[in-house]
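Some notes on the structure that comes next.
Just so it is clear, none of the values below were taken in a lab; they were calculated from the coordinates. Keep in mind that this is a model prediction, so the values were computed, not measured. Here the Cβ positions follow ideal geometry from the backbone for every residue, glycine too, while neighbour counts run over all protein chains shown.
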Amino acid sequence: MNIVIIGASGYSGAELAKLVATHPHFQLVGCYVSAGSADLHKPLSALYPEHKGIVDLPLQGMDENAIANIAAQADAVCLCTDHKVSVELAPQFLAHGLKVFDLSGGFRLADAHLYEEFYGFAHQHPELLAQAVYGLAEWHSEALKSAQLVAVAGCYPTASLNALKPLQQAGLLAGDQQVIINAVSGVTGAGRKAAIGTHFCEVSLAPYGLFNHRHTPEIEQSLQHPVLFTPHLGNFKRGILATIYATLNAGVTLDDVSSAYQVLADEPLIRLLGANQVASIKGIENQPYVDIGWHVKGQQLIVSAAIDNLLKGASGQALQCMNLNAGLAINTGLV
Ligand SMILES: NC(=O)c1ccc[n+]([C@@H]2O[C@H](COP(=O)([O-])OP(=O)(O)OC[C@H]3O[C@@H](n4cnc5c(N)ncnc54)[C@H](OP(=O)(O)O)[C@@H]3O)[C@@H](O)[C@H]2O)c1
């Protein structure tokens, strides 16, 4: 596949550019930013010196000719852009027959009405929501093989859902009890643009998005179980640690929980740390994996799950989806 990345100068776009450029079967043929970007025409490696010799392509602008130019040279585009930008761009690329891998939340929710409440805009292309395949790679591998539009799963949902879906699927979670997810993200989760809330001197450790974070409906839609999700911003660059509290059905044992996780045992990018183990940021920084550990006391369960938000939480998982779509092994170019 020849691939173009839109939003290539951002944190997830730059990470994905490197993954595609070093992939054994994909070619990176273009890197784009907004038409008025301050970084226009700069090589990506001028912004990210670690990309020198790997991605030296110049950043091109999304001007009026860009869609036609991209359609002429690419088989697929990766949208590493804001939700609203992705919703505007995706249909234009789909109309040219390109595959679209969108890293934003623009196509993740099935119910268009939720966009006003959780994303702050009315969805302009609700007809595409039913067509979009949810890119939680390990759980939708069949549908991803033939997808034209992929809504790559969000970062917190990726950690939370891989930790909870095995238990939900095995019927171990008490149906009348909300699952509580407390998760901390590094500051790259907020993107590259400077803002006071993500300024080095301002960031400490604090919750945000209480009761109304957009990943709550995304997690509930996929899990089919109510959750109380509270994200936190931590003073480190990359990684997400989710600590998850749930009530198990009466009689469920630690062995039952461990057995339920075996559904993921053969997944090369999921590391089951096991019973009485904890996941950590240190374990997954710059790694494409989800790490999962679990503890049980009576009916109480605590699961910890960790990912690198820019890899498994964004570009790594996008590459997994692209691999599946191209008929390749899910971990090609990642391990
Ligand atoms: N960061 C994460 O950990 C993470 C994880 C999962 C999902 N995501 C999602 O991935 C998307 C990108 O996130 P990010 O953190 O990488 O953002 P970011 O660092 O802020 O980068 C955004 C990119 O989009 C470009 N851009 C802005 N407006 C554009 C337009 N109209 N047309 C083309 N390009 C445009 C920006 O460049 P210019 O402004 O210079 O044009 C920049 O390259 C978001 O939807 C985010 O929610 C991020």
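List the chymotrypsin sites (Phe, Trp or Tyr not before Pro) within region 1-82 that DSSP assigns to loop and that have no more than 12 neighbouring Cβ atoms inside 10 Å. Could you put the intermediate results ahead of the total?
Working: sites: Tyr11, Phe26, Tyr32; in loops: Phe26.
Qualifying residues, ordered by number: none.
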Looking only at region 45-69, which residues have a backbone nitrogen under 16 Å from a spot 7 Å from the Cα of Gln92 in the C-beta direction?
-> 60-69
Roughly how tilted is helix 316-325, in degrees to the nearest 10 and between 0 and 90, from the longest Cα axis of the chain?
-> 80 degrees
Along the dipole axis of the chain (charges at Cβ: +1 for Lys and Arg, -1 for Asp and Glu; origin at the Cα centre), the most positive-end residue among Tyr115, Asn249, Val303 is Val303
Name the residue farthest towards the positive end of the dipole of region 1-148 from the options Gln73, Gly105, Gly13, assuming +1 on Cβ of Lys and Arg, -1 on Cβ of Asp and Glu, about the Cα centre.
-> Gln73
A convex hull over the alpha carbons of region 2-131 yields, per residue, a volume in Å³ of 108 Å³
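Assuming 0.36 nm per residue, please report the length gained on full extension of the stretch Glu50 to Ala68 beyond their Cα-Cα distance. Can you show the working numbers first?
Details: separation 18, 0.36 × 18 = 6.48 nm, distance 3.10 nm.
Between Glu50 and Ala68, full extension yields 3.4 nm more.
With charges only on Cβ, +1 for K and R and -1 for D and E, what is the dipole size of the chain about its Cα centre, in debye, rounded to 20? Before the final figure, lay out each step's value.
Details: 17 positive and 27 negative charges, 129 e Å.
Dipole about the Cα centre, nearest 20: 620 debye.
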Mind putting together the pair-distance distribution for region 119-190? All Cα pairs, 5 Å bins, whole percent per bin, short to long.
-> 3, 12, 17, 17, 19, 18, 11, 1
To the nearest 0.05, the calculated FRET efficiency linking Phe211 and Asn276 through their beta-carbon distance, R0 being 35 Å, is 0.65
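If you average the sequence gap of Cα pairs under 8 Å that are 6 or more apart and divide by the length of the chain, what percent do you get for the contact order? Please report the intermediate quantities before stating the final value.
Values: 744 pairs, mean separation 56.1, N = 335.
Reported relative contact order: 17 percent.
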Built amide H within the under 5 Å cut-off of Thr81, gap 5+ = Leu103, Ser104
Could you work out how far apart the two model spin labels at Asp176 and Ala143 are, taking each label as a point 7 Å from the Cα in the direction of the beta carbon, and quote it in nm?
-> 3.1 nm
Measure out, as a whole number of angstrom, how far apart the alpha-carbon centroids of region 4-30 and region 139-210 sit.
-> 22 Å
For the chain, find the longest principal axis of its Cα atoms and tell me its angle to the long axis of helix 83-95, 0 to 90°, nearest 10.
-> 60 degrees
With region 57-138 reduced to its Cα atoms and the Debye formula applied, log10 I(q)/I(0) at q = 0.11, 0.14, 0.25 1/Å amounts to -0.30, -0.49, -1.29
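When the helix-only estimate is applied to the chain (DSSP H runs of n ≥ 4, each -39,500 (n - 2.57), divided by the residue count), what is the mean residue ellipticity at 222 nm, nearest 500 deg cm²/dmol? Mind showing how you got there, number by number?
Values: 11 runs with 94 residues, N = 335.
Theoretical 222 nm ellipticity from helices: -8000 deg cm²/dmol.
Arrange the peptides 184-195, 101-112, 306-317 so that the one whose residues have, on average, the most other Cβ atoms within 10 Å appears first. Could the numbers behind the result be given before it?
On the way: 184-195: 17.2, 101-112: 23.3, 306-317: 28.8.
Descending packing order for the listed peptides: 306-317, 101-112, 184-195.
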With a ≥ b ≥ c the root eigenvalues of the C-alpha gyration tensor of region 211-308, is it rounded (a/c under 1.5), prolate (a/b larger than b/c) or oblate?
-> oblate
Using 7 Å Cα-to-Cβ label points, what is the Gln262/Glu116 separation (nm, one decimal)?
-> 4.9 nm
With no solvent and one point per C-alpha, what does the Debye sum give as log10 I(q)/I(0) for the chain at q = 0.08 Å⁻¹?
-> -0.36
Can you give me the Cα centroid spacing of region 307-330 and region 95-130 in angstrom?
-> 20 Å
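Trypsin sites (Lys or Arg not before Pro), restricted to region 1-100: which are DSSP loop and have at most 14 other Cβ atoms within 10 Å? Display every interim value, and only then the final one.
Values: sites: Lys18, Lys52, Lys84, Lys99; in loops: Lys52.
Filter output for region 1-100: Lys52.
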For region 211-224, in residue order, the Karplus 3J(HN,Hα) values (coefficients 6.51, -1.76, 1.60; θ = phi - 60°; whole Hz; Gly and Pro = x) are 6, 9, 5, 5, 7, 4, x, 5, 5, 5, 4, 7, 7, 6
Partner lysines whose C-alpha sits under 17 Å from that of Lys99, ignoring same-chain residues fewer than 8 away, are Lys145
Cα-Cα longer than 21 Å, checked against Lys18/Lys237; Lys18/Lys52; Lys282/Lys312; Lys237/Lys282; Lys52/Lys282; Lys84/Lys193, kept in input order, equals Lys52/Lys282
Find the relative contact order for region 155-310 and round it to a whole percent, using C-alpha pairs within less than 8 Å whose residues are 6+ positions apart.
-> 30 percent
Residue-wise HN-Hα coupling along region 256-272, computed from phi with Karplus coefficients 6.51, -1.76, 1.60 (Hz; x: Gly, Pro) = 4, 5, 4, 5, 4, 5, 4, 4, 9, 4, 9, 7, x, 10, 10, 10, 7
